[in-house]
Amino acid sequence: MPGLLKRIVFIVATVLTSGCHTVPTAEPTADTGLLPAESRETSGLVCTADGFISVNDSGNSAELQRLDGALRLTRLPLALDNIDWEALAADGDQLYIADSGNNRGQRSNGFIHRLHYAPDQAKVEVLPSLSYRFASYPATAPEPYRHDFDAEALAYADGSLWLFSKSWDSGISQVYQLDTQAPDLQVLTAQAQIAGLPGLVTDAVYLPDTAQFVLTGYQNYQHNLLQFALHSEFNAFVAVTDRQFQLQLVIPLPEAGQLEGICARDGQIWLSQEQSQHSPARLWREQLVETALAQLRAAK
């Protein structure tokens, strides 16, 4: 993410909405490692059978980054442009890269790049990209960091892609549905809204076994400029919604940095953060989130 966002700070907000709970904070635990220098601007994450796939955001090479269990890196160049890659989702052997970053509000449109990925191949097949624009984008471009047309979270669920807005202005994430096969420009209108989030949404993953979306994010730094200037901390969060995008749970992660990626594998939740002024780029398994999800299931 370009510009001031590299140094965003987050003071965690405690959220209580109808049907939504906040989990006590705890330090990230278990299975953690620093990402290689080439992954310092990680902005999307997919779990594979034996490792991870990541992408970097704007200003970096157009490539997939394959990481094994020890976080050893293999770089896979792609014949694409990286305008502002912000999220990564998967459906079997098909990957989707969201070129959707728009902090400054100058883009009325974006792309979802489609790839065929095979872990035993040195090259990745690039498929025709999806394109979209926002139906409600104004005739005059909005002010930077004062709009809801920046969408940096993408998840695959039930045959569709779901794009979540960061929502600098309203704080309410807009949820858009994309057809994975549409050859023409898709004009997007919000299919749902997620109110009650304590900050900006940066990534998402869908859990098919429980029909839940799990979102990552951190507070809008504009709400606490003094704290931003003094401490350069993030205090990120994870939020859980049901399949109808109703908020169920908010889990503060005050020890996390610039939280940008999430993926799930065999009941495990993995998170990644971008390098920032006082925090390195790293990837870890977050057992606090796993426990909270288990408690939520048990309470039903």
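The values are calculated or read from the model by the stated rules, or taken from the named source; none is laboratory data. Note that the structure is a prediction, hence the values are computed from the model and not measured. Please note: Cβ atoms are built from the backbone with ideal geometry, for glycine as well, and neighbour counts cover all protein chains shown.
Does Gly59 satisfy the condition of being part of a loop (DSSP other than H, G, I, E, B), among the small types (Gly, Ala, Ser) and out of contact with any helix residue (DSSP H, G or I) (no Cβ under 6 Å at 6 or more places or on another chain)? Let's see the steps before the verdict.
On the way: part of a loop (DSSP other than H, G, I, E, B): yes; among the small types (Gly, Ala, Ser): yes; out of contact with any helix residue (DSSP H, G or I) (no Cβ under 6 Å at 6 or more places or on another chain): yes.
Judged against the criteria, Gly59 is a match.
Considering segment 62-106 alone, what residues qualify as being under 28 Å from Asp31 (Cβ atoms) and part of a loop (DSSP other than H, G, I, E, B)? Full working, then the answer.
First, pick out the residues of segment 62-106 that are under 28 Å from Asp31 (Cβ atoms): 63-76, 85-98.
Hits for segment 62-106 are Gly69, Ala70, Leu71, Arg72, Gly92, Asp93.
Of the residues that sit in segment 174-205 and are buried (at least 19 other Cβ atoms within 10 Å of the Cβ) and of a type in the set (Ser, Thr, Tyr), which one is farthest from His113 (Cα to Cα)?
Thr202
When you go through (1) at negative phi; (2) crowded, with 22+ Cβ neighbours inside 10 Å one by one for Glu143, which number turns out not to apply?
Just one mismatch for Glu143, condition (2).
Take Ala122 and tell me if it is of a type in the set (Gly, Ala, Ser) and either touching a His at 6+ places or on another chain (Cβ under 8 Å) or in a loop (DSSP other than H, G, I, E, B) (or both).
Numbers: of a type in the set (Gly, Ala, Ser): yes; either touching a His at 6+ places or on another chain (Cβ under 8 Å) or in a loop (DSSP other than H, G, I, E, B) (or both): yes.
When the stated conditions are applied, Ala122 passes them.
Tell me, yes or no, whether segment 210-231 has at least one residue that is part of a loop (DSSP other than H, G, I, E, B) and modelled with pLDDT of 95 or more.
Our first condition is that a residue be part of a loop (DSSP other than H, G, I, E, B); within segment 210-231, this holds for 210-211, 219-220, 224.
Right, trim to modelled with pLDDT of 95 or more and you get 210-211.
For segment 210-231, residues part of a loop (DSSP other than H, G, I, E, B) and modelled with pLDDT of 95 or more: present.
Taking into account only those residues within segment 237-260 that are among the hydrophobic types (A, V, I, L, M, F, W, C) and in contact with a His (Cβ under 9 Å, 6 or more places away or on another chain), which is surrounded by the fewest Cβ atoms within 10 Å (Cβ to Cβ)?
Step one: filter segment 237-260 for residues among the hydrophobic types (A, V, I, L, M, F, W, C), giving 237-240, 245, 247, 249-251, 253, 256, 259.
Adding the requirement that they be in contact with a His (Cβ under 9 Å, 6 or more places away or on another chain) leaves 249-250.
Details: Leu249: 22, Val250: 26.
Here the answer is Leu249.
Return yes when Asp184 is in a loop (DSSP other than H, G, I, E, B), modelled with pLDDT of 95 or more, in contact with a Ser or Thr (Cβ under 6 Å, 6 or more places away or on another chain) and of a type outside the set (Lys, Arg) and no when it is not. Spell out the reasoning first.
On the way: in a loop (DSSP other than H, G, I, E, B): yes; modelled with pLDDT of 95 or more: yes; in contact with a Ser or Thr (Cβ under 6 Å, 6 or more places away or on another chain): no; of a type outside the set (Lys, Arg): yes.
Answer is no for this residue.
List every residue pair whose Cβ atoms lie under 8 Å apart, where the two residues are 6 or more positions apart in sequence or sit on different chains, the first residue falls within segment 199-218 and is touching a residue at least 12 places away in the same chain (Cβ under 8 Å), and the second residue, located anywhere, is outside any strand (DSSP E or B) and β-branched (Val, Ile, Thr).
These pairs meet every condition: Val214/Val289; Tyr218/Ile8.
Are there any strands (runs of 3 or more DSSP E) wholly within segment 247-300 with 2 or more residues that are closer than 15 Å to Gly217 by Cα and in contact (Cβ under 8 Å) with a residue 24 or more places away in the chain, and if so which? Quick ask: steps written out before the conclusion?
Details: elements: 247-253, 258-265, 268-274, 282-285.
Counting at least 2 such residues, we get 247-253, 258-265, 268-274.
Being touching a residue at least 60 places away in the same chain (Cβ under 8 Å) and more than 19 Å from Ile262 (Cα to Cα) narrows it down to one residue among Asn60, Asn103; which is it? Write out each step before concluding.
Working: Asn60 fails: touching a residue at least 60 places away in the same chain (Cβ under 8 Å).
Just a single option satisfies the conditions, and that option is Asn103.
Just one of the numbered conditions (1) in contact with a helix residue (DSSP H, G or I) (Cβ under 8 Å, 6 or more places away or on another chain); (2) of a type in the set (Asp, Glu); (3) within 17 Å of Glu86 (Cβ to Cβ) is not true of Glu260; which one?
Unmet for Glu260, out of (1) in contact with a helix residue (DSSP H, G or I) (Cβ under 8 Å, 6 or more places away or on another chain); (2) of a type in the set (Asp, Glu); (3) within 17 Å of Glu86 (Cβ to Cβ): (1).
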